[in-house]
Amino acid sequence: MEIGILGAGDFAQAFSKQALKAGHKVKLSNSRGPDSLREIVNQLGARAIAATKEEAAECEMVLLAVPWDNVPETLASLPPWKNQILIDGTNPFHGKAGDFTPADVGNLSTSQLVAALAPGARVVKALNNMRVANLEADPVVNGARRVAFISADDGDAKKQVGTVLKAFGYSVIDLGNLRDGGLIQQAGGPLAGRDLLEQGEYPE
């Protein structure tokens, strides 16, 4: 699969490494254009491509990996969505790494707001409970698999993202819809930042 990535920071690069390891291609993009990404994609390898935001958003599966303050502008700058899956990996923080302050999103998950800003996309919340170091690390630790949580209102989109994450090596747990599941896993929720492992095989 070719996975588009909106953003090229630490989170986006960590995800890219797992996707590439699983045999996918990635199209990385940022607000400064493909030329600013040459060094990053060279380090990631041959199946990583520097792209425009529009090119990344054309992929059938797209990861949103920009700071929360940049989400409205990023999504507003894109063409209309045509049923692509949009993985929301954002958390409600103002500022950048090392200088975070919580953002007020009311009683909503960030993914509900993302879905409102990206009509036509099938939004799935995933991976935002993981710290970058854990996302970058091997999903299998001493025979146990790191847990990745997913939430969505679209069952088929959620299943597709779950299949991709299982192929990365994660144990995937479905938390339900965008609002309830999203609030549990995003920053401020009880699962945020947790590095959880699951031993053995569990039924679907």
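The values are calculated or read from the model by the stated rules, or taken from the named source; none is laboratory data. Predicted model only: the values in this text are computed from it and were never measured. We place every Cβ from the backbone using ideal geometry, glycine too, and count neighbours over all the protein chains shown. Quick note on the areas: whole protein, heavy atoms, side chains included, nothing else; ligands and nucleic acids left out. Shrake-Rupley method; radii C 1.70, N 1.55, O 1.52, S 1.80 Å.
Considering only segment 75-86, I want to know if a residue exists there that is at pLDDT 95 or above and either under 21 Å from residue 189 (Cβ atoms) or acidic (Asp, Glu) (or both). Checked segment 75-86: at least one residue is at pLDDT 95 or above and either under 21 Å from residue 189 (Cβ atoms) or acidic (Asp, Glu) (or both). The residue list 160, 84 contains one member that is under 17 Å from the mean Cα position of the chain (by Cα) and over 26 Å from residue 198 (Cβ atoms), which is 84.
One line per residue, one yes/no per condition, for (1) without any contact (Cβ under 8 Å) to a residue 40 or more places away in the chain; (2) part of a helix (DSSP H, G or I); (3) on the phi > 0 side of the Ramachandran plot:
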position: 91; (1), (2), (3): no, no, no
position: 115; (1), (2), (3): no, yes, no
position: 119; (1), (2), (3): yes, no, no
position: 130; (1), (2), (3): no, no, no
position: 145; (1), (2), (3): no, no, no
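Being of a type in the set (D, E, K, R) and either buried (at least 18 other Cβ atoms within 10 Å of the Cβ) or in a strand (DSSP E or B) (or both) holds for only one residue in 166, 125, and it is 125. Among residues of segment 176-188 being touching a residue at least 40 places away in the same chain (Cβ under 8 Å) and either in contact with a Lys or Arg (Cβ under 8 Å, 6 or more places away or on another chain) or open to solvent by less than 60 Å² (accessible area, probe 1.4 Å) (or both), the one that is nearest to residue 85 (Cα to Cα) is 178.
In segment 36-77, of all residues being surrounded by fewer than 19 Cβ atoms within 10 Å (Cβ to Cβ) and in a loop (DSSP other than H, G, I, E, B), the one that is nearest to the chain's Cα centre (by Cα) corresponds to 67.
Being open to solvent by less than 60 Å² (accessible area, probe 1.4 Å) and not in a loop (DSSP other than H, G, I, E, B) is the filter here, so list the residues in segment 189-204 that pass it. Answer for segment 189-204, where residues must be open to solvent by less than 60 Å² (accessible area, probe 1.4 Å) and not in a loop (DSSP other than H, G, I, E, B): just 198.
Selection of segment 100-114 for residues being under 17 Å from residue 70 (Cβ atoms) and buried (at least 21 other Cβ atoms within 10 Å of the Cβ) yields 110, 111, 113, 114. For segment 35-82, a tally of residues being over 20 Å from residue 25 (Cβ atoms) and not hydrophobic (A, V, I, L, M, F, W, C) returns 9.
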